[in-house]
Amino acid sequence: METPPVNPMGEKNTSQPQQQWEKNPQENLESTTQIRQQPQDPPTEILELRVSPNPASQILEKPQGTEKLAAGLQGDSAKSHGSTSEMPEPLQASDLWYCPDGSFVKKIIIRGHGLDKPKLGSCCRVLAFGFPFGSGLPEGWTEITMGLGPWREGTWGELIEKCLESMCQGEEAELQLSEHSESPFRLTLASFTQGRDSWELEASEKEALAREERARGTELFRAGNPEGAARCYGRALRLLLTLPPPGPPERTVLHANLAACQLLLGQPQLAAQSCDRVLEREPDHLKALYRRGVAQAALGNLEKATADLRKVLAVDPKNRAAQEELGKVIIQGKKQDAGLAQGLRKMFG
């Protein structure tokens, strides 16, 4: 089982890929030591990864815009049905479906039949129209499998999968992803095979799927795609979190790797939370302590950052990454103290 890359902390692992990873610290997660993010409000969900500007990510950052999206769908419907002198019939509430996370609004053009919807493992035959190049979904007819395949790795794939999970067989729908989109994107679900909900899977099946997601996350991280890697690690964790406590030990590695991705993506608050999950199970996990120290420094919590980094150096005094990060934290603390002293002098001078 492949162990995903983490950082140059020298964690013991018997797998060959991990040994190779530790031999090349400058090529892996040592870059996280360079992260100096300003304090920011934490995102609300682990898998909301905002990196590249695209229509999907824009609306993910503005979930409050669903009412405007619905208005956009109504406007596009008017353009495509008759002249401007004809007043279109208002959309019924049942014609619209709002994604719970606010990422898109779906307008049902043709209703499907039956009550079943695609689930994990369902092979879906879909017709896609209007999606941009690089979305992961080819134009025209294609077959995709729910929960499997590289088509899910990007933001677009995640949105498409959410939409398919809400569709019945034969349904045709328009998706409005952004109020600035020129036109909605159209998706038709012609047919699909029977799948299963995650709760229907055996524990061994969940663990096998989680291993696949973890391995794919490792590949993406090594290829310089922390966003895609984080999605894979997140999906693996969602599968394992449904197992009875304490759950498999692999959860610790997944949380640690997810923290590394979140640091690279400029999400120190989420990275600190992921490290907390690791340290709840393994209080002396050096990589988690180091990464939490980096995250706390980025958030401006210098005392907490210093405490975590000193714990790392107490166990591994020669750890260069922790030494360098601690030095930066000390310098940052002195600057803060100097600024505070100057402010007090102005106030009472």
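Each value in this text was obtained by applying a stated rule to the coordinates, not by laboratory testing. Treat the numbers as computed from the prediction; the structure is a model and nothing was measured.
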Subject >> Calculated Rg and Dmax of region 198-264 using C-alpha coordinates, Å >> reply: 11.6, 35
Subject >> region 199-349: translational diffusion in µm²/s, Stokes-Einstein, Kirkwood Rh over Cα pairs, 4 °C, 1.567 mPa s >> reply: 77 µm²/s
